[in-house]
Amino acid sequence: MAGLALYGVIGNPIAHSLSPVMHNAAFKELDLEAYFTAFQVADLKAALTGVRALGIAGLSVTLPHKTEIIPYLDWVDASAQAIAAVNTVVNRQGQLCGYNTDATGALAALQAKVTLAGRRVLVVGAGGAARALVYGLVKAGAQVAIVNRTPVRGLALAEAFAVQYLNFSESKDFEAEILVNTTSLGMTPASDQLAVPEALLVSPRVVMDIVYNPLHTRLLAAAQAKGAQIIDGLEMFIGQGALQFTLWTGQTAPLAVMRQAVLKQLSGT
Ligand code: ATR
């Protein structure tokens with residue numbers, strides 16, 4: 001594309017998104033003539049008409065638009081269809097193409113620490129983030145179980161991907177080797193909350209938390225105290241962002257630069 005390529009994240013609310021800082025740092029590092037901004041979008045259909053009309057090069061898509069956007073796109077990748085959520089749009093000569101990098105981003109963060117095939121993984125939560133993760137874990141050959149506050153939602157997700165649903169007491173007997181929190185429990189200002197009962201932290205050797213504010217959640221602190229390896233929410237966020245960057249630019253993402261930029265923003269310096 002000639003001239004400046006414009007990218008943006010669409011969501012509502014969007015003010016606290018860390019995507020602009022992360023992607024602009026990456027564009028700068030690679031000396032690309034591109035800029036990333038945030039758009040608060042209430043009317044999704046109108047916004048996408050605008051994207052086409054203005055020739056915006058790509059989008060990051062966040063809540064509440066990840067599922068709703070699918071019918072407005074020209075093409076959607078098979079894994080994004082299976083997850084029923086798109087978090088990345090690439091504008092290819094006016095064709096809006098949808099992808100989901102949440103699953104692969106989270107998996108990359110996990111696979112950097114542990115192999116997944118055959119491992120017992122307990123997923124806490126049953127929302128959109130859990131759906132992406134369960135899809136990726138099943139594909140990687142893990143043995144997945146889901147636990148959730150509202151059983152009916154947990155059961156529905158478990159059924160969709162043919163994995164187990166467990167209640168909290170059963171999930172202790174599952175003896176998970178890996179535990180992932182996909183709920184907002186432990187996020188500021190309720191950072192004193194522990195996402196799972198302490199008893200569930202005895203078996204896992206790896207514990208990952210989707211929450212990145214604070215970075216060192218109570219869950220991760222408790223897991224670390226029990227000797228587990230921990231993966232913070234920022235690694236997942238950077239992981240999905242790096243894959244977005246590659247989809248948009250065709251280049252390898254400068255992971256360390258992206259992480260540094262986000263950390264700086266989070267610490268307010
Ligand atoms: P997302 O799409 O970001 O994953 P979501 O669809 O709202 O968000 O899902 C949030 C998940 O966090 C759900 O599993 C939710 O549990 P319920 O299905 O019972 O609502 C879970 N969650 C959020 N707040 C919670 C809380 N205070 N205690 C337990 N679970 C909570």
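From the list Leu219, Leu179, Leu215, the lone residue that is within 16 Å of Gly125 (Cα to Cα), not in a strand (DSSP E or B) and not hydroxyl-bearing (Ser, Thr, Tyr) is Leu219. Per the listing Leu44, Leu73, Leu32, the residue uniquely under 25 Å from Thr252 (Cβ atoms) and either among the hydrophobic types (A, V, I, L, M, F, W, C) or open to solvent by 40 Å² or more (accessible area, probe 1.4 Å) (or both) is Leu32. In the stretch 108-132, the residue that is farthest from the ligand (Cβ to nearest atom) out of those that are out of contact with any Leu (no Cβ under 8 Å at 6 or more places or on another chain) and in a helix (DSSP H, G or I) is Gln111. None of Thr150, Thr188 is under 29 Å from Pro64 (Cβ atoms), among the β-branched types (Val, Ile, Thr) and at pLDDT below 95 except Thr188. Residue count for the stretch 156-187 satisfying the condition of being open to solvent by 30 Å² or more (accessible area, probe 1.4 Å) and more than 22 Å from Asn100 (Cα to Cα): 12. The requirement of being open to solvent by 70 Å² or more (accessible area, probe 1.4 Å), within 10 Å of the ligand (Cβ to nearest atom), more than 19 Å from Glu235 (Cβ to Cβ) and over 17 Å from the mean Cα position of the chain (by Cα) is satisfied by Arg153.
All conditions but one from (1) more than 20 Å from the chain's Cα centre (by Cα); (2) within 14 Å of the ligand (Cβ to nearest atom) apply to Asn148; the one that does not is (1). Within the stretch 194-225, the set of residues being open to solvent by 40 Å² or more (accessible area, probe 1.4 Å), within 16 Å of the ligand (Cβ to nearest atom) and either at positive phi or over 21 Å from the mean Cα position of the chain (by Cα) (or both) comprises Pro197, Glu198. Does Ile230 satisfy being more than 16 Å from the ligand (Cβ to nearest atom) and open to solvent by less than 20 Å² (accessible area, probe 1.4 Å)? Answer is no for this residue.
His65 meets all of the listed conditions (1) open to solvent by 40 Å² or more (accessible area, probe 1.4 Å); (2) in a loop (DSSP other than H, G, I, E, B) but one, namely (1). Each residue in the stretch 71-90 was checked for being touching a residue at least 24 places away in the same chain (Cβ under 8 Å) and touching a strand residue (DSSP E or B) at 6+ places or on another chain (Cβ under 6 Å), and 6 pass.
Here Lys28, Lys45 are screened, and the one residue that is in a helix (DSSP H, G or I), under 27 Å from Val257 (Cα atoms) and of a type outside the set (Val, Ile, Thr) is Lys28.
The values are calculated or read from the model by the stated rules, or taken from the named source; none is laboratory data. These numbers were taken from a predicted model, which means no experiment stands behind them. Don't worry about glycine lacking a Cβ; one is built from the backbone with ideal geometry, like all the others, and counts go over all protein chains shown. The area values use the complete protein model at the heavy-atom level, side chains included, leaving out ligands, DNA and RNA. Shrake-Rupley method; radii C 1.70, N 1.55, O 1.52, S 1.80 Å.
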